[in-house]
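S.K.: This is the structure I want to talk about, given as structure tokens.
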Amino acid sequence: MKDETSELIHGEAVEKDLALLRLKPNLQGYDKLRKTFKWSDAEELIDWYPDGKVNSAYNVIDRHALGMNKDKIALIHDDGQGNVQKISFEEMYRETNKFANVLAKLGIRKQERVFVFLQRSPELYVSFLAAIKAGAIASPMFPAFGPDAIRDRLLDSGAVAIVTDTELVKRVYPVRNQLPDLKHIVVVGDANSELGEISYEAEMRAASENFETLHMNPEEFQFMLYTSGTTGKPKGVVHAHKGIVQQTLTSRWVLDLHDEDVYWCTADLGWITGVVYGCLGPWSCGVTQVGLGGRFDPDRWYRLIEDHRVNVWYTAPTAVRMLMAKGDDLPAKYDLTSLRVLYSVGEPLNPEGVKWALDVFDNKPFHDTWWQTETGSILITNFPEMPIKPGSMGKPLPGIEAEIVDEEGNVLPQGHEGNLVIRPGWPSMMRQIWNNQSKYNEYLRNGWYYTGDTAQIDKEGYFWYVGRADDVIKTSGERVGPFEVESALIEHEAVVEAGVIGKPDQLRGNIIKAFIVLAPGYTESDELKKDIQKFVKGHLAGHAYPREIDVVKSLPKTRSGKIMRRLLRARELGLPTGDTSTLEE
Ligand code: WT7
């Protein structure tokens, strides 16, 4: 399959010769489409019930299992230790039907919250999609979360059920008695019936393979995902069934999925990228997806591409940088010629990453894509048919109006830096912040949806990311709220106060850095810092702990007592400290 001719011409920008692309891009004629496209056109990509209702999971699994794709492989799951399972759409259909019946038997009602807390495995996809079929609001949870993170999410959402496994369930028990709404714990593996755990395997054996996927109002909810903001606990971002319209459209137009593709998204289902582009969108297009268990390992990643002949690959800048750091000899050992298009998301993609890919992946560059948990699908992107300007996020999807505005909502002149905003109303936009209308309202100002990012637009209409307008930390592409880390820190007996910032890092984009004030009687030492790090990992999450800790005498605060993270950051990075008039000295 190796191309004899180069698909791309090097230059300032990465130009593309469409005649030489292996497959014709699904989206062609961007400029015209931007003018003519209507969202109602995209609704035709989806099957609707005759009563006008819809179910996203019906589109993701059922319609393929009941049609021509019945025997097609939906999932190639590689557990990372050489065990590969191939599951057809029909098998996925039967498994999700069975688990939907299990949920129905437990008495789960429409729109109740069902959490899925599992390592990457076929059961993860099955339970997530089955919950949606049964009309519940499915909520996947990242397997690195500890008890505090679990409690915050289950408590806020009033979750009635959690599907987990023998290992992960141990992190639920420390907070079990703080979760009055949680009725059912389903365990994959060895369930302990004395503790009231329900055995996944036993229930599945007894369940019927027939289930009538619930007909949902397009505005009813399919899933929710907790994400971090500047202040407060993580918030539940809620998505409607109608989102599947745009999740399907972008999988075709942006990821350029074609029927014969083998596609691999490296994100965990605990993050929005995993949910939308590692499950919903690509399967709605009827494409074969590869899933990989275990930890990040460059050898295994390249081997996976070679073994399963992956054509389309969606990953993240930190992973790209980690692969780059391993050198070019490693990829040269593998046959990676199956790759056709590559994508990245989550944080700025360095121009070097785009160019490195040209060298090691037979002239295939990474296409940067921009979106958020709240946007529900890709909104700004580099399309396969378009030249890439390395370092740019690309252009808005047809149907999306994106601008750079000031605090009053005035559109700024071309080239100016400002708030990146989107005109509300796209199909996959979040519908609520769970239980928190005022938080939701904060996003919507002056007739725009404020993304919290700053950016600028160049003369040709390409968008360039500048930074976050708030204190949210992006570390290895994952979104962490400083408040959550500060809260976990002060639970440690040696810490009385904590301020947390993101500190730029070559590999991870940012690392989490904490400034702490010690309680009387404690002295600074490496052991103490290590102990504090371990404590945060154990309580909050394996990835959301401070890699650097500075002990300080006091933290800069406003007169109302708020920690001035902006000032901590400016001091740390040697930047101008700006307005300090509210500083309490
Ligand atoms: C934030 C959203 C939805 C994908 C995973 C992240 C940052 C996202 C890019 C990009 C620079 C990016 C933004 C955004 N971000 N994509 N291509 N270039 N920054 O979802 O966890 O909700 O985070 O990630 O700051 O607001 P998320």
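S.K.: Using a Förster distance of 25 angstrom, determine the FRET efficiency expected from the C-beta separation of Glu548 and Glu352, and round it to 0.05. Mind showing how you got there, number by number?
M.R.: Numbers: r = 25 Å, r/R0 = 0.99.
Efficiency computed from Cβ-Cβ geometry: 0.50.
S.K.: Now for a different question. Using the structure shown, select from Lys474/Lys557; Lys16/Lys326; Lys439/Lys557 the pairs with a Cα to Cα distance greater than 26 angstrom.
M.R.: Pairs exceeding the cut-off: Lys16/Lys326.
S.K.: In whole Å, what are the extents of region 473-525 along the principal axes defined by its C-alpha atoms, from largest to smallest?
M.R.: Sorted largest first, the three principal extents are 37, 21, 11 Å.
S.K.: Using a Cα-Cα cut-off of under 20 Å, which lysines could be cross-linked to Lys170, ignoring same-chain neighbours fewer than 8 residues away?
M.R.: Partners within reach: Lys183, Lys534, Lys537.
S.K.: What does the charge add up to near Ala206, with Lys and Arg as +1, Asp and Glu as -1, over the other residues with Cβ less than 11 Å from its Cβ?
M.R.: Numbers: positive: Lys98, Lys105, Arg205; negative: Glu201, Glu203.
That works out to +1.
S.K.: Shifting gears a bit: In debye, nearest 20: dipole of region 86-236 around its Cα centre with unit charges on the Cβ of K, R (+) and D, E (-)?
M.R.: That gives a dipole near 320 debye.
S.K.: Along Cα→Cβ, 7 Å out, is where each label goes; now give me the distance between the ones at Lys459 and Gln414 in nm to one decimal.
M.R.: 0.8
S.K.: So how far, in whole Å, is the C-alpha centre of region 316-376 from the one of region 378-408?
M.R.: About 19 Å separates the Cα centre of region 316-376 from the one of region 378-408.
S.K.: What FRET efficiency comes out for the pair Gln28/Tyr522, r = Cβ-Cβ distance, R0 = 45 Å, nearest 0.05?
M.R.: That pair, Gln28 with Tyr522, gives E of 0.10.
S.K.: Among all the aspartates and glutamates, which ones have a C-alpha under 18 Å from Lys86's C-alpha, if same-chain residues fewer than 8 places away are not counted?
M.R.: Asp62, Asp71, Asp78, Glu95, Glu123, Asp259, Glu260, Asp261, Glu306, Asp307
S.K.: Could you name the lysines whose alpha carbon sits less than 20 Å from that of Lys530, not counting residues in the same chain fewer than 8 places away?
M.R.: Correct list for Lys530: Lys503, Lys513, Lys553.
S.K.: Taking K and R as +1 and D and E as -1, what net charge do the other residues with C-beta under 12 Å from the C-beta of Ala42 add up to?
M.R.: With Lys, Arg at +1 and Asp, Glu at -1, the net is 0.
S.K.: For a test of the definition: using alpha carbon positions, the gyration tensor, and the 1.5 limit on a/c, classify the chain as rounded, prolate or oblate.
M.R.: rounded
S.K.: Compute the distance from the alpha-carbon center of region 40-109 to that of region 529-585, in whole Å.
M.R.: Rounded to whole Å, the Cα centres lie 45 Å apart.
S.K.: A further question on this structure: For region 473-573, with every protein chain kept in place, what is the accessible area per residue (1.4 Å probe, Å²)?
M.R.: 47
S.K.: Is it possible to state the helix-based mean residue ellipticity at 222 nm for the chain, with each DSSP H run of 4+ residues giving -39500 (n - 2.57), the sum divided by total residues, to the nearest 500 deg cm²/dmol? What is it?
M.R.: -7000 deg cm²/dmol
S.K.: Next question, about the same structure. Starting from the Cα of Thr580, step 7 Å along the direction of its Cβ; do the same at Lys72; then give the gap between the two resulting points in nm.
M.R.: Placing both labels 7 Å along Cα→Cβ, they lie 6.1 nm apart.
S.K.: Using the Cβ atoms and a cut-off under 13 Å, what net charge is assigned to the surroundings of Lys333, where Lys and Arg are +1 and Asp and Glu are -1?
M.R.: Taking every Cβ under 13 Å from that of Lys333, the sum is -2.
S.K.: Give me the percent of the accessible area of the chain that comes from carbon and sulfur atoms, probe 1.4 Å, all protein chains in place.
M.R.: 48
S.K.: OK, next. Quick one: Cα centre-to-centre distance for region 440-481 and region 210-254, in angstrom?
M.R.: 20
The values are calculated or read from the model by the stated rules, or taken from the named source; none is laboratory data. Treat the numbers as computed from the prediction; the structure is a model and nothing was measured. Cβ: placed from backbone, ideal geometry, glycine included. Neighbour counts: every protein chain shown. Heads up: the accessible areas ignore ligands, DNA and RNA and are worked out on the full protein's heavy atoms, side chains in. Shrake-Rupley method; radii C 1.70, N 1.55, O 1.52, S 1.80 Å.
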